[in-house]
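Inspection log for the structure reproduced underneath, given as structure tokens.
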Amino acid sequence: MLKVNISRPEFPINSSCINLTSMSSNAWDSRDETVLGSVPPPSPETPEKSTVRLQEAPPKPEETEAEPFMDSSLFAHWGQDLSPENRRAAFKQFQYYGYNAYLSDRLPLDRATPDLRPAGCKNLTFSENLPQISIAFIYVNEALSVILRSIRSAIDRTPAHLLKEIILVDDHSNNEELREKLSKYVEEMNQQKPGFIKTVRHSKQEGLIRSRVSGWRAATAPVVALFDAHVEFSTGWAEPVLNRIKEDRKIIISPSFDNIKYDTFEIMQYMLTAQSFDWQLWCRYMNPRQSWWKRENTTAPIKSPALIGCFIVDRLYFEEIGLLDEGMEVYGGENVELGIRAWQCGGSVEVLPCARVAHIERAHKPYTGDLAKHVRRNALRVAEVWMDEFKNHVYMAWNVPLEDSGIDIGDISDRKALRKRLQCKTFRWYLVTAYPEMRTYPDNIAYGVLQNSIKPEICVDQGPTPHNIPILYICHGFTPQIAFYTRNELIHVGNLSPTTEDEENRCLVDVNSQPRLIDCAYAKAKRMKMHWHFAQGGSIQNRKTNRCLEVQENSNNDFGYHLVLQQCSGQSWSITNFYRNITT
């Protein structure tokens, strides 16, 4: 029997949605861990229920030194009893896949999983004539056992009369062993039920976005589900989804996600959330609105501004609203764009608490390279097509010039034509209706890194969190160094706070002749010295104290200088971007 230890569900932190430019999250502090589906340390004798022999080592991984594996996070909660040889094998697979494929290969494909649905879900009744569903799994060089477990859980936990087919989309995996063994498995399955599993193989790597569209094109059921090939479905997940889409075909559905831990493969329950995004268009989780909580019905659909990634949609409706933007590259932003488009063009997005799916959150993504570069490009496409006068917020968040950005976002004429043809509403309407929690910054007039002419290779930086002391650091231009100057003469440094649920922005304040970063709302309430005169190429001078922010030599600092507030000596500052002239 599966051991379940329930204390309190985690607030989700989906690794696929981590902002790589800031590495910050909106997770709650002081939280108790809830781990479900505990499994013992693996042993080679664990019985395997598949007729396909699972691979126990990745295909031709790059050789690495043996020493680092002993301190790997993989072994923090698992594998202490493994021999050195098995540890080395497990570590190589971990490097290759970003999760514990060694353990996965030794777990049953049809392992039991906990039922994490709210209690009321078991009492719901659904229409007898639900539409059928096609489930498409997207993968590239995934561990065979993980793919097979995704397939097995879909078959075991979706009523047979509702599951029309499974589609495997291989985005040009270079693992011949994986291809051969998976082909054998598909052949065996199709002998029992001809045509039940379809395979789509790309001749070149297209990325997640186009791969999902490939999965949709191969589907024939009225409803299509587009999932990563590293998930496990919970009991009763399909019926509420299909029932809701039958009620309204213009709703795009996300399941409620739980976490398959990358090291132990335990299933961690996540709290019920909506899904949203920040101004860089990194996806994120957020609390359901108060109106949902007031219903006191945890089985009710949760209105959601956007999608995290995996989703279920009416197949024909998906085509009507333009599928995914295939002009985007690789990964990132497509889920946010789809959510925005659905809302603005007459549909909506919901998360269903009674449809739970567990998803592996990798420790690292071995296949992405410079993911932030692709997300940035995709985000700018979304901004230009859908965000109207708010598009500057995306440029600000990414520290990109509003004009002549130097980033080729591709041809967007067809997406603009789609918006016109569908007679979609404005982004302002979207913010009011679907995402009122989103903060906007109409008063920002300049943004980017702050550099002093004396030492231009170092920039103002927010410094280590949670401290409030700004520092000087080698310029890198990521979130901790992005400063914003407002029309009412405030300077805040660091993350552009995305929602009213998040911490306030931190403003530069003169505190007893020391530069400090203080919560802007707090500083305003306390009438602190937070207003600064700043002209491009000029000084940064506090309006009340007349002291200037300057750099001063300091041999104790790694870069030879530190920030001070002192009598103005004529030092000049520049900020990277501004879209209204800053004058004295």
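The values are calculated or read from the model by the stated rules, or taken from the named source; none is laboratory data. This is a predicted model, so every value here is computed, not measured. Don't worry about glycine lacking a Cβ; one is built from the backbone with ideal geometry, like all the others, and counts go over all protein chains shown.
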- Message: One residue is enough: does the range 60-67 have a residue meeting the conditions surrounded by fewer than 20 Cβ atoms within 10 Å (Cβ to Cβ), assigned to a helix (DSSP H, G or I) and modelled with pLDDT under 95?
- Response: yes
- State whether one or more residues within the range 355-362 are under 30 Å from Ile267 (Cβ atoms), surrounded by 15 or more Cβ atoms within 10 Å (Cβ to Cβ) and of a type in the set (Asp, Glu). yes
- Task: Out of Pro255, Pro240, report the one residue that is in contact with a Cys (Cβ under 9 Å, 6 or more places away or on another chain) and either in a helix (DSSP H, G or I) or among the β-branched types (Val, Ile, Thr) (or both).
- Result: Pro240
- Among (1) on the phi > 0 side of the Ramachandran plot; (2) touching a residue at least 12 places away in the same chain (Cβ under 8 Å), where does Arg527 come up short? (2)
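Rundown of residues vs (1) in contact (Cβ under 8 Å) with a residue 24 or more places away in the chain; (2) over 15 Å from Gly347 (Cα atoms), yes/no style:
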{"residue": "Ala417", "(1), (2)": "no, yes"}
{"residue": "Tyr430", "(1), (2)": "yes, no"}
{"residue": "Tyr435", "(1), (2)": "yes, no"}
{"residue": "Tyr441", "(1), (2)": "yes, yes"}
{"residue": "Ile445", "(1), (2)": "yes, yes"}
{"residue": "Gly448", "(1), (2)": "yes, yes"}
{"residue": "Gln451", "(1), (2)": "yes, yes"}
- Can you tell me which residue within the range 213-233, out of those that are under 19 Å from His359 (Cα atoms) and either of a type in the set (A, V, I, L, M, F, W, C) or in contact with a Cys (Cβ under 9 Å, 6 or more places away or on another chain) (or both), is surrounded by the most Cβ atoms within 10 Å (Cβ to Cβ)? Ala225
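Restrict the check to the range 369-383 and report whether at least one residue is in a loop (DSSP other than H, G, I, E, B) and in contact with a helix residue (DSSP H, G or I) (Cβ under 7 Å, 6 or more places away or on another chain). Outline the logic, then answer.
Going through the range 369-383, the residues in a loop (DSSP other than H, G, I, E, B) turn out to be 369-370.
Now drop any that are not in contact with a helix residue (DSSP H, G or I) (Cβ under 7 Å, 6 or more places away or on another chain), which leaves none.
No.
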- Task: Just give me the residues in the range 272-307 being under 28 Å from Ala397 (Cα atoms), part of a loop (DSSP other than H, G, I, E, B) and in contact with a Phe, Trp or Tyr (Cβ under 7 Å, 6 or more places away or on another chain), in sequence order.
- Result: Thr273, Gln280, Pro305, Ala306
- Looking at the range 322-339, is at least one residue farther than 30 Å from Gly477 by Cα, β-branched (Val, Ile, Thr) and at pLDDT 95 or above? no
- For residues that are loosely packed, with under 15 Cβ neighbours inside 10 Å and of a type in the set (Lys, Arg), tally how many sit in the range 161-193. 2
- Note on the structure: Of the residues in the range 242-271, those that are free of Cβ contacts under 8 Å to residues at least 60 places away in the same chain and touching a helix residue (DSSP H, G or I) at 6+ places or on another chain (Cβ under 9 Å) number 0
- Message: Conditions first: (1) more than 17 Å from the chain's Cα centre (by Cα); (2) under 24 Å from Ser497 (Cβ atoms). Leu323 passes all but one, so which condition is the exception?
- Response: (2)
- Filter pass, Leu496 being assigned to a loop (DSSP other than H, G, I, E, B), hydrophobic (A, V, I, L, M, F, W, C) and closer than 29 Å to Tyr285 by Cα: yes
- Message: Among the residues of the range 553-577, what is the count of those that are surrounded by 14 or more Cβ atoms within 10 Å (Cβ to Cβ) and assigned to a strand (DSSP E or B)?
- Response: 10
